[in-house]
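J.: There's a structure below that I have some questions on.
No lab work stands behind these numbers, since they all come straight from the coordinates. Treat the numbers as computed from the prediction; the structure is a model and nothing was measured. In this analysis, Cβ positions are derived from the backbone assuming ideal geometry, glycine residues included, and neighbour counts consider all displayed protein chains.
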Amino acid sequence: MPDDAVVAGIDVGTTKVCTIIGRPQTDGRLEILGVGLTPSAGLKRGVIVDREEAIASIRASVEVACRQGDVELSSAWVGVTGAHISSVNVTGRTNVAPGPAISAQDVQRAVQSARDAVPLPQDRQIIHEVVRGFTIDGESGITRPLGMSGRRLDVELHAVTGTASIVENIERCVEDAGIAVARRVLEPIATGTAVITDAERDLGVILIDVGGGTSDVAVFLDGSIAHTSAIPVGGNHCTRDLARLLRVSFEEAEKLKCRYARATPEGVGPEESVQVELADGSASELVPLQLVAEILEPRLEEIFTLVRSNIARSGVYEQASAGVVLSGGGSQLPGTPGLASAVLDDLPVRVGSPRGISGHADAATPVHATGVGLALLAAEEGASATQPKPEGGGLLTRLRGWFERILPRA
Ligand SMILES: Nc1ncnc2c1ncn2[C@@H]1O[C@H](COP(=O)(O)OP(=O)(O)OP(=O)(O)O)[C@@H](O)[C@H]1O
Ligand SMILES: [Mg+2]
């Protein structure tokens, strides 16, 4: 990869757009050059509801990151999520063609047969796929079968499906904002790349990205992705509960939540209170912080209960020995890890911030995790998606072969 290669990720979230531009370092870290974190509009629960507003939000975020990094961006890796996604693990099988060893065509045939096994109603498409591993003549756990001897090749594929039009709308908005979509990535997979360690991935870990409109879930087992989904409840629902019950505006409730609130009343003194403006502008009122926590707690419990039953249904809940990693803006509410642990059968819970980066320290927060993860994935693949200013614009997207894309991480 040339020294001047830079990569980019764009997380089009319900509350913010986060553009991360970075330059891969020789030590494997990503030097962050530009961070564009700007409010988003035109999205609900990760789904575009107003194209023009969404395009303007994406443009604004990209501009901030480009200005900061002094680069021009022509393409980026883009995250997709939403309650419409679901995932399935399927197996594909092929007989190895006569010859000295397993060839690229054999692998391709096995993967295609796995894809064919994914149930796909008409309006849905496979939006992301990850090869979990191969089996040669009954011997499982093979990561790179090319060049090996064998008669029968099986492949385990994790396939994420989603509503085709919803995904296309996100991509079209990014493209209409002037950025080519080099690759689409399921957001919790990108977030996991940024916040989960290899050891946790091997042991088995649950990632919960508590965003504004959705809470995205990914379960990693034996070093590979085993389950992904998105729950249509997030931090905005907590804010809305506060706004309704305290009769304040959404903005006032958001300020109250982010500055003063805790996830549970434990640890909040009975005398602690804060002044809030009532929605009708008639007066301001002193609100006890214990009451604020009592309003937030059931909604957060609902989120983690839904996550728990979602993962349990997939059959992998018991296997997450390393516990739970929380990310996303919603994970920043003090007391959230304890509450999550109580709902999730006392599993250890930590809040994950992006790792493997240098430069801008402000990118190392749970809010930036998805954007950073997208850029890290682009860097891992050696995709140069942007160009430093002196050389001018132009699409420099350099995608390595199909194999690099689908094979499991070593
Ligand atoms: N300090 C904080 N304390 C509590 N909540 C916070 C804090 N900072 C952000 N949040 C909440 O995090 C949520 C936004 O998180 P995030 O930026 O990860 O969402 P998003 O990516 O825009 O949305 P989504 O992933 O659902 O599309 C909001 O509900 C916001 O209130
Ligand atoms: Mg998000």
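J.: Which of the peptides 256-262, 205-211, 11-17 is most tightly packed, and how do the rest follow, judged by the mean count of other Cβ atoms within 10 Å per residue? Present the calculation step by step, with values, prior to reporting the outcome.
T.: Details: 256-262: 17.7, 205-211: 28.9, 11-17: 25.9.
By packing density, highest mean first, the sequence is 205-211, 11-17, 256-262.
J.: Using θ = phi - 60° and the Karplus form 6.51 cos²θ - 1.76 cosθ + 1.60, what ³J(HN,Hα) does each residue of segment 350-358 get, whole Hz, x for Gly and Pro?
T.: Listing the rounded values in order: 10, 8, x, 10, x, 10, x, 10, 9 Hz.
J.: Label points 7 Å out from Cα along the Cβ direction at N95 and R51: separation in nm?
T.: Using points 7 Å along Cα→Cβ, the separation is 5.0 nm.
J.: If each of E271 and T305 carries a label point 7 Å out from its Cα toward its Cβ, how far apart are those two points in nm?
T.: 3.5
J.: Taking the Cβ of each residue in S57, S358 as the centre, tally the other Cβ atoms inside 10 Å and list the residues starting with the fewest. Mind showing how you got there, number by number?
T.: Working: S57 23, S358 15.
Neighbour counts put them in this order, fewest first: S358, S57.
J.: Using only helices, what value at 222 nm comes out for the chain when you add -39,500 (n - 2.57) per DSSP H run of length 4 or more and divide by the total residues, to the nearest 500 deg cm²/dmol?
T.: Working: 11 runs with 135 residues, N = 410.
The helix contribution divided over the chain gives -10500 deg cm²/dmol.
J.: Between Q122 and S321, what FRET efficiency comes out of the Förster formula 1/(1 + (r/R0)^6) with R0 = 56 Å and r the beta carbon distance, rounded to 0.05? Walk me through the numbers on the way to the answer.
T.: Numbers: r = 40 Å, r/R0 = 0.71.
My answer for the efficiency is 0.90.
J.: Relative contact order (percent) for segment 86-162, with alpha-carbon contacts under 8 angstrom and 6 or more residues of separation?
T.: 47 percent.
J.: Name the long-range amide H neighbours of S358: under 5 Å, sequence gap of 5 or more, or other chain; modelled H, no Pro or chain starts.
T.: The list, which skips near neighbours in sequence, is L30, E31, I32.
J.: Using only the alpha carbons of segment 86-162, what is the convex hull's orientation-averaged projected area in square nanometres? The partial results should precede the final answer.
T.: Details: hull surface 19.3 nm².
About 4.8 nm², averaged over all directions.
J.: Tell me, in nm to one decimal, what length is gained between C258 and R115 on full extension, where the rule is 0.36 nm per residue of separation less the Cα-Cα distance?
T.: Values: separation 143, 0.36 × 143 = 51.48 nm, distance 4.33 nm.
Value of the extension gain: 47.1 nm.
J.: Also, I was wondering about something else. Name the residues whose placed amide hydrogens come within less than 5 Å of the amide hydrogen of A226, ignoring near sequence neighbours (fewer than 5 apart) on the same chain.
T.: HN-HN under 5 Å from A226: V219, F220, L221.
J.: With contacts defined as alpha carbon pairs under 8 Å and 6 or more residues apart, what's the relative contact order of the chain in percent?
T.: Details: 997 pairs, mean separation 86.5, N = 410.
Value for the chain: 21 percent.
J.: What full-extension length gain, to one decimal in nm, is calculated for D198 and M148 as 0.36 nm per residue of separation minus the Cα-Cα distance?
T.: Answer, rounded to one decimal: 15.4 nm.
J.: Enumerate the amide H contacts of H128 below 5 Å, restricted to partners 5 or more residues apart or on another chain; note that Pro and chain-start residues carry no placed amide H.
T.: Amide H to amide H, under 5 Å and 5 or more residues apart or across chains, H128 pairs with V160.
J.: Read phi for every residue in segment 66-78 and hand back ³J(HN,Hα) as whole Hz from Karplus 6.51 cos²θ - 1.76 cosθ + 1.60, θ = phi - 60°, with x for Gly and Pro.
T.: 5, 4, 5, x, 6, 10, 9, 9, 10, 8, 7, 8, 10
J.: Here is a further query. Sort I126, I357 so the one with the fewest other Cβ atoms within 10 Å of its own Cβ comes first.
T.: Working: I126 15, I357 23.
With the fewest neighbours first, I126, I357 line up as I126, I357.
J.: Which semi-axes, in whole Å and largest first, does the equivalent ellipsoid of segment 198-354 have when worked out from the alpha carbon gyration tensor as the square roots of 5 times its eigenvalues?
T.: Working: eigenvalues 214, 42, 27 Å².
Values for segment 198-354, descending: 33, 14, 12 Å.
J.: Which whole-Hz couplings ³J(HN,Hα) result when phi for each residue of segment 184-201 is put into the Karplus expression 6.51 cos²θ - 1.76 cosθ + 1.60, θ = phi - 60°, listed in order with x for Gly and Pro?
T.: For segment 184-201, the Karplus curve yields 9, 9, 5, 4, x, 5, 5, 4, x, 4, 7, 10, 9, 7, 4, 5, 5, 4 Hz.
J.: Over what distance in Å are the Cα centres of segment 229-282 and segment 173-188 separated?
T.: Each part's Cα centre sits 33 Å from the other's.
J.: Still on this structure, I have one more. Over all directions, what mean area does the Cα convex hull of segment 313-352 project, stated in square nanometres? If you can, show how the numbers build up before the last one.
T.: Numbers: hull surface 12.3 nm².
Here the figure is 3.1 nm², rounded to one decimal.
J.: Now for a different question. For the Cα atoms of the chain, what angle does the longest principal axis make with the long axis of helix 369-381, in degrees from 0 to 90, nearest 10?
T.: Between the helix axis and the principal axis of the chain, the angle is about 20 degrees.
J.: Right, next: What number, in nm² with one decimal, is the all-direction average of the projected area of the convex hull of the alpha-carbon atoms of the chain? Show your work: numbers first, answer last.
T.: Values: hull surface 85.1 nm².
Projected area, direction-averaged: 21.3 nm².
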